[in-house]
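Participant: One structure is given below, represented as C-alpha cells, and several questions about it will come after.
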Ligand code: NAP
Ligand code: FE
C-alpha cells in the first residue's frame, strides 16, 4: 500500500439554502467581509443575494469586488487585495466559478501579509491567507476543497498555481445556483471535474484514500453520462455533478493534476479555450499514453464505457472542433511543458517531449 498523507480541513455543507441556513458561521471570522465574485452570474443565480442577506442578518459589514474575469490575472488579485486593505476586511467570501474563488484565495494571502508582493505568491510558501469561505456556482474546478489558486501570469504568458496552500474554511454547496448554468459552461466545467478525477486517480501521489474518493466520483460521473450526452441537466444530475466535482477537488488536493492540466494551460492562454474543454480534448490521448492499464480499465468501467474509443466519441460530441492551433504552436507548448516539473512529477512514468507532442498531435489532429 502506498504511503498515505491525507489532509483536508475544509468543512463541507451541502443543502438547499445552505448560506441562509448557516449565516451564523460567518460570525467566527470577524466584523468585515470582502465578497469576491464575477461580473454578473452571482446576481442572476441568487448566490450574491443569499450571501449579503446572511451577512446583514448577522450584522457583518461587507464590500464587494465583482469584477473577476475568467482565468483571473495577477492584476485582478492585486486589485482585490487593494480593496480589502482599504476596507480592513477580516475574511473573504469567494462566490462563483473557479475564477473568483481562486482570486479570493490569492488575494487572501496578500491581505494577511500586507508587505507581501505578487512575487511572494510564488516564492514564500509559508504565508497564510485570511479565512476564505467558498460558495461555488459551477460544478467543475472543485476549488472549494482544494488548497490551490490558479492565476494568469501575463508576464510569463501562462497560468500557474500560487505556492501557498489555501484550503477554504467552508465549502457551502447549493445546487440551486447551478440550475441556470448555460449548457456549454455546464459541459466544460463537468469535464474539468472528470479530468481531476482521472489525473488524480492516475497520479504518482494517489493513495487508497484518494482512490476511494476518485472511484466514487467517477461512478457518479458515469451515472450522469447519458444525461450529459443528451444535455438534460435536471436537478438530480446537477447535484450528482456538484458532489462529483467536490470529490474531485478532494482527490487533487491530495494527488494533484498532471499532463492534461499542464498541457491545457497553453490552449487556454493562447487560444482562449475554456479550462475544462482544454483538458477534455487531451484526455483520450493521455489515457492511451498511460501505462497503468488496470487503472485505465477501472476508469472506463466506472464511467460505464467499453473502451477508450467510446470515451473519445463522448468527448468529441461535447465540444466544437478546435481549428485555431497550428503545428508550430504545439511544438512550442511541448518545449515549455518539458520544463513543467510540478505537473510532470505527478505522472507515474517518464515523459519526454515526443510523448507530449504526440498527445497534442493526436488530440488536435495535427
Ligand atoms: P469561471 O472562469 O469561474 O467562470 C466561467 C463563466 O461561468 C463566467 O462567465 C461566469 O460568469 C459563469 N458562471 C459561473 N457560475 C455561473 C452560474 N451559476 N450560472 C451562469 N453562469 C455562471 O469557470 P470555472 O470553470 O468554474 O473556473 C475556471 C478557473 O478555475 C480556471 O482559472 C482554472 O484554472 C481554475 N481551476 C482551479 C482549480 C483549483 O483547484 N483551484 C482547479 C481547476 C481549475 P461571471 O463572470 O459573470 O461570474
Ligand atoms: Fe481544472
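The values are calculated or read from the model by the stated rules, or taken from the named source; none is laboratory data. Not measured: the values here are computed from a predicted model. No Cβ is skipped: glycine too gets one built from the backbone with ideal geometry, and neighbour counts run over all protein chains shown.
Participant: Can you spot a residue in region 268-291 that is touching a residue at least 12 places away in the same chain (Cβ under 8 Å), in contact with a strand residue (DSSP E or B) (Cβ under 8 Å, 6 or more places away or on another chain) and within 22 Å of residue 191 (Cα to Cα)?
Facilitator: The answer is yes, given that some residue of region 268-291 is touching a residue at least 12 places away in the same chain (Cβ under 8 Å), in contact with a strand residue (DSSP E or B) (Cβ under 8 Å, 6 or more places away or on another chain) and within 22 Å of residue 191 (Cα to Cα).
Participant: So, of the residues in region 269-279 that are in a helix (DSSP H, G or I) and within 12 Å of ligand 1 (Cβ to nearest atom), which turns out to be surrounded by the fewest Cβ atoms within 10 Å (Cβ to Cβ)?
Facilitator: Ranking the qualifying residues of region 269-279, first place goes to 269.
Participant: Follow-up. Just for region 172-198: of the residues that are in a helix (DSSP H, G or I) and under 22 Å from residue 133 (Cβ atoms), which one is farthest from ligand 2 (Cβ to nearest atom)?
Facilitator: Restricting to residues being in a helix (DSSP H, G or I) and under 22 Å from residue 133 (Cβ atoms), the top hit is 176.
Participant: Moving on. If only one of 44, 60, 64 is on the phi < 0 side of the Ramachandran plot, under 23 Å from the mean Cα position of the chain (by Cα), at pLDDT 95 or above and buried (at least 17 other Cβ atoms within 10 Å of the Cβ), which one is it?
Facilitator: Of 44, 60, 64, the one residue that is on the phi < 0 side of the Ramachandran plot, under 23 Å from the mean Cα position of the chain (by Cα), at pLDDT 95 or above and buried (at least 17 other Cβ atoms within 10 Å of the Cβ) is 64.
Participant: Got a sec? Which of 329, 342, 320 is surrounded by fewer than 22 Cβ atoms within 10 Å (Cβ to Cβ) and more than 30 Å from residue 183 (Cα to Cα)?
Facilitator: Selected residue: 342, the only one of 329, 342, 320 that is surrounded by fewer than 22 Cβ atoms within 10 Å (Cβ to Cβ) and more than 30 Å from residue 183 (Cα to Cα).
This table checks each residue for (1) over 12 Å from the mean Cα position of the chain (by Cα); (2) within 21 Å of residue 47 (Cα to Cα).
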residue: 125; (1), (2): yes, no
residue: 131; (1), (2): yes, yes
residue: 136; (1), (2): no, yes
residue: 139; (1), (2): no, yes
residue: 142; (1), (2): no, yes
residue: 151; (1), (2): no, no
residue: 154; (1), (2): yes, no
residue: 158; (1), (2): yes, no
residue: 161; (1), (2): no, no
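Participant: Give 311, 282, 247 a once-over and let me know the one that is closer than 15 Å to residue 347 by Cα, touching a helix residue (DSSP H, G or I) at 6+ places or on another chain (Cβ under 7 Å) and assigned to a helix (DSSP H, G or I).
Facilitator: Checking each option against the conditions leaves just 282.
Participant: Would you please name the residue that is farthest from ligand 2 (Cβ to nearest atom), looking only at residues in region 1-56 that are closer than 24 Å to residue 86 by Cα and assigned to a strand (DSSP E or B)?
Facilitator: Among them, the one singled out is 32.
Participant: Being closer than 23 Å to residue 134 by Cβ and surrounded by fewer than 21 Cβ atoms within 10 Å (Cβ to Cβ) narrows it down to one residue among 231, 239, 219; which is it?
Facilitator: Just a single option satisfies the conditions, and that option is 239.
Participant: Would you confirm whether any residue within region 23-32 is under 21 Å from residue 138 (Cβ atoms) and surrounded by 14 or more Cβ atoms within 10 Å (Cβ to Cβ)?
Facilitator: no
Participant: Another one. Would you please name the residue that is nearest to the chain's Cα centre (by Cα), looking only at residues in region 333-345 that are assigned to a helix (DSSP H, G or I) and without any contact (Cβ under 8 Å) to a residue 24 or more places away in the chain?
Facilitator: 341
Participant: Take residue 128 and tell me if it is modelled with pLDDT of 95 or more, within 15 Å of ligand 1 (Cβ to nearest atom) and surrounded by fewer than 18 Cβ atoms within 10 Å (Cβ to Cβ).
Facilitator: So residue 128 does not fit the description; no.
Participant: Ok, one more. For the subset of region 250-268 comprising residues that are part of a helix (DSSP H, G or I) and within 10 Å of ligand 1 (Cβ to nearest atom), which member is surrounded by the most Cβ atoms within 10 Å (Cβ to Cβ)?
Facilitator: Across region 250-268, the extreme among qualifying residues is 252.
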